[in-house]
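Novice: This is the structure I want to talk about, given as structure tokens.
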């Protein structure tokens, strides 16, 4: 029996490899994992207990519709960020991943042009692979997507959608400038293209000034904003949301209903109760304190242990530091031949973070999911492995 080629594309995306570790001795900088000590377990437990022991006999019944009180709180959150949105423009999803999958199903037919950043989020590529688009990859610069290359692609190809992560981009950690955000919307208007703005890391700024959402410059309802509770509460609750106009939202909701009928009413009401009883901003401030420290530990360790030929950045937020070897080296080969078997450290090589799969010399390092000691020890091992690898490659050449 032959199954759809879409499953082959998704299986080969590299998404599953991110969560694999060799054994308990392996230090993993691969997965985009939050620090488990920061999950508000007690507060969430109390909120869920309050909901499930309430006098409402329908709490575990089919709800049949999106939970309005939580959408109202999210609308208020977005309004405080400067986006004048209403609860009727918010769709609750099973994490941001489902939002991306639904958007791709709605907007993209096989062969349609889809612009992604290079590199980009591997999970987004997996979601998009399933609808078989024609990818156009635009380089990411220090201040966001390369607009010159972008406009050239838009001018010469039929494109349906642009996917971007403007705030602490996964995987590079870069932030798109205000000027580029404005220009991106103008280009989308000119060439009749939709924009998907992935804001999964937007709340995780540890220094510098927060910039406006791309959607704040949206004049023609072209921008769909995607948010997530995974990084600011816990990924296990599988709760995200998107913001768009009511027509597109209705279509996306119809697709969602065909997949899961509805999100878990218990989770939606539990998170809503958590937000009633707790200060989310205070919780996020604690996340900032911890992750700022972890990032500084990793950045200093990279300064201490990396060979001179290795480049790395120091982002102002997010989950990741971006590593670059000289062009002639293959990070995937290094991981499998040197780093994992000899140093018991893993990371995400750049190959699967590019739609083209042809950039091999770079890698993503996660600093949020490891302890301070693991970060320092893992980067020390990474440095030792790189020195050995680079020296042997140089000798062989």
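Novice: How high is the relative contact order of segment 138-183? Use alpha-carbon pairs under 8 Å, at least six apart in sequence, and give a whole percent. Provide the component values of the computation, followed by the final result.
Specialist: On the way: 37 pairs, mean separation 20.6, N = 46.
Reported as a whole number, the value is 45 percent.
Novice: Report, for the chain, the % of DSSP beta bridges that are antiparallel, rounded to 5. Mind showing how you got there, number by number?
Specialist: Details: 20 of 40 bridges.
Here the antiparallel bridges make up roughly 50 percent for the chain.
Novice: With both partners inside segment 183-283, how many of the DSSP beta bridges are antiparallel, as a percent to the nearest 5? Write out the running numbers ahead of the final one.
Specialist: Values: 4 of 8 bridges.
Beta bridges within segment 183-283, antiparallel portion: roughly 50 percent.
Novice: Please report, for the Cα atoms of segment 99-225, the Rg to one decimal and the Dmax as a whole number; what are they, in angstrom?
Specialist: Answer for segment 99-225, Rg first and Dmax second: 13.4, 41 Å.
Novice: So which residue, out of 352, 281, 253, gets the largest mean-square fluctuation from a GNM of the chain using Cα contacts under 10 Å as springs?
Specialist: Most flexible of the set in this elastic network: 281.
Novice: Given Cα pairs under 8 Å that are at least 6 residues apart, what percent is the relative contact order of segment 56-277? Walk me through the numbers before you get to the answer.
Specialist: Details: 361 pairs, mean separation 59.5, N = 222.
In percent, rounded to a whole number, it is 27.
Novice: Who wins for biggest fluctuation among 248, 115, 145 in a Gaussian network model of the chain, springs between alpha carbons below 10 Å?
Specialist: Looking only at 248, 115, 145, the biggest GNM fluctuation is shown by 248.
Novice: If R₀ is 56 angstrom, what is the calculated FRET efficiency for the pair residue 279 and residue 387, using the beta carbon separation as r and rounding to 0.05? Show your work: numbers first, answer last.
Specialist: Working: r = 47 Å, r/R0 = 0.83.
FRET efficiency, residue 279 to residue 387: 0.75.
Novice: What FRET efficiency would be calculated for the residue pair residue 328, residue 286, taking the C-beta separation as r and a Förster radius of 51 Å, to the nearest 0.05?
Specialist: E between residue 328 and residue 286, to the nearest 0.05, is 0.75.
Novice: Figure the gain on full extension for residue 211 and residue 380 (residue separation times 0.36 nm, minus the Cα-Cα span) and round it to one decimal in nm.
Specialist: Values: separation 169, 0.36 × 169 = 60.84 nm, distance 3.46 nm.
Difference between extended and current length: 57.4 nm.
Novice: Further question on the same structure: Distance in nm between label sites at residue 81 and residue 142, each 7 Å beyond Cα in the beta-carbon direction?
Specialist: With each label placed 7 Å out from Cα toward Cβ, I get 2.6 nm.
Novice: What is the Rg over Rh value, at two decimals, for segment 216-363, using alpha-carbon atoms and the Kirkwood definition of Rh?
Specialist: On the way: Rg = 20.7 Å, Rh = 19.4 Å.
For segment 216-363, the value is 1.06.
Novice: Summing -39500 (n - 2.57) over the DSSP H runs of n ≥ 4 in the chain and dividing by its residue number, what mean residue ellipticity at 222 nm do you reach, to the nearest 500 deg cm²/dmol? It would help to have the intermediate numbers written out before the result.
Specialist: Values: 13 runs with 164 residues, N = 397.
Computed mean residue ellipticity for the chain: -13000 deg cm²/dmol.
Novice: Taking R0 as 22 Å, what FRET efficiency do you get between residue 371 and residue 336 from their Cβ-Cβ distance, rounded to the nearest 0.05? Don't skip to the end; give the middle numbers.
Specialist: On the way: r = 25 Å, r/R0 = 1.15.
The calculated FRET efficiency here is 0.30.
Novice: When only C-alpha pairs under 8 Å and at least 6 residues apart count, what is the relative contact order of the chain, in percent? Walk me through the numbers on the way to the answer.
Specialist: On the way: 696 pairs, mean separation 94.8, N = 397.
For the chain, the relative contact order is 24 percent.
Novice: How much length is gained if the chain between residue 53 and residue 149 is pulled fully straight, taking 0.36 nm per residue apart and subtracting their Cα-Cα distance, in nm to one decimal?
Specialist: Working: separation 96, 0.36 × 96 = 34.56 nm, distance 5.62 nm.
Full-extension gain reported as 28.9 nm.
Novice: Roughly how many Å is it from the Cα centre of segment 59-130 to that of segment 347-380, as a whole number?
Specialist: If we compute the Cα centre of each part, the gap is 27 Å.
Novice: Please compute the volume of the convex hull spanned by the alpha-carbon atoms of segment 256-315 and report it per residue in Å³. Walk me through the numbers before you get to the answer.
Specialist: On the way: hull volume 9.1 nm³, N = 60.
Once divided by residue count, the hull of segment 256-315 is 152 Å³.
Novice: Oh, and also: Can you tell me what share of the DSSP beta bridges in segment 56-277 is antiparallel? A percent to the nearest 5 is fine.
Specialist: Bridges in segment 56-277 are about 35 percent antiparallel.
Novice: Please give the helix 372-396 orientation as an angle from the longest Cα principal axis of the chain, in degrees from 0 to 90, rounded to the nearest 10.
Specialist: 50 degrees
Novice: With springs only between Cα atoms under 10 Å, which of 165, 297, 59 fluctuates most in a Gaussian network model of the chain?
Specialist: Looking only at 165, 297, 59, the biggest GNM fluctuation is shown by 59.
Novice: On the Cα set of segment 56-277, report Rg and Dmax in Å, please.
Specialist: Using the Cα atoms of segment 56-277, the pair Rg, Dmax is 17.1, 58 Å.
We did not get these values from a lab; they are worked out from the coordinates using the rules stated. Given the structure is predicted, the values throughout are model-derived calculations rather than measurements. Cβ sites come from the backbone with ideal geometry, for glycine too, and all protein chains shown count toward neighbours.
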